[in-house]
Amino acid sequence: MDFIDALQWRYATKKMNGKKVPQEKVDKIIEAARLAPSVAGLQPYQVIVVTNRELLQKIQPIANNQSQITDASHLLVFAAWDHIDADRINAVFDHLIAERQQPEEKVAAYRSRMLEMFPSRDPEVNFQYAARQAYIGFGMAIMAAALQEVDATPMEGFNAAALDELLQLKQHGLRSVSLLPLGYRDAENDWLVNLKKVRRAPERFLISL
């Protein structure tokens, strides 16, 4: 499928059949999220992959008992940095310099701007920034899944504080943002599978200036 065909094919799968997604497909989905655009290359979020069935059963009630949590092959948890401090910023720039084998002066001014901007801001403001960055990777993962004909259900309907506690995300300086169960649609039991995809008409969606 091409890009648009994949978008037409995908939908927010309501019922999955429990079939396992090949690891090579999961790897590509995660790689798409890893390669997503990110301001200053900070990538202020991480992806947690959950396949442990006991853990998924504990997550299900936290996610409003949505069946996709336990019927999915893999659950991706997108979690943003809960703060952006000098240590995290410097780690990103040090890695950049090492990978590109550039002298420090090439990025010194940019590093300085980041160090001036982020640590002085309210942590909640920085978390919201990080969460918006996480959603870029989230969208890329959804698209990568569709291109491989893997079903994915974007989820925000969960108790983030409870999930953070269960997964001990605070210890890693993270807060959960969104969930993405991966699997395959149960076409016989999913009420949404055959319904027409409905979006606003292009002339109502696009504003040309």
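Derivation of every value follows stated rules applied to the coordinates shown; laboratory data play no part. Predicted model only: the values in this text are computed from it and were never measured. Neighbour counts are summed over all protein chains in view; Cβ atoms, including those assigned to glycine, are modelled from backbone coordinates with ideal geometry.
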Considering the stretch 137-184 alone, what residues qualify as being crowded, with 20+ Cβ neighbours inside 10 Å and among the charged types (D, E, K, R)?
Asp151, Asp164, Arg175
Total residues in the stretch 1-51, condition among the polar types (S, T, N, Q), touching a strand residue (DSSP E or B) at 6+ places or on another chain (Cβ under 7 Å) and not in a loop (DSSP other than H, G, I, E, B):
1
Collect the residues in the stretch 154-178 that are within 16 Å of Gln68 (Cα to Cα) and either among the charged types (D, E, K, R) or touching a Leu at 6+ places or on another chain (Cβ under 7 Å) (or both), keeping them in residue-number order.
Pro154, Met155, Glu156, Phe158
Ala33 fails exactly one of (1) over 20 Å from Tyr135 (Cα atoms); (2) of a type outside the set (Asp, Glu); (3) touching a Gly at 6+ places or on another chain (Cβ under 6 Å), namely (1)
Does Phe158 satisfy being under 19 Å from the mean Cα position of the chain (by Cα), in contact (Cβ under 8 Å) with a residue 24 or more places away in the chain and not in a helix (DSSP H, G or I)?
yes
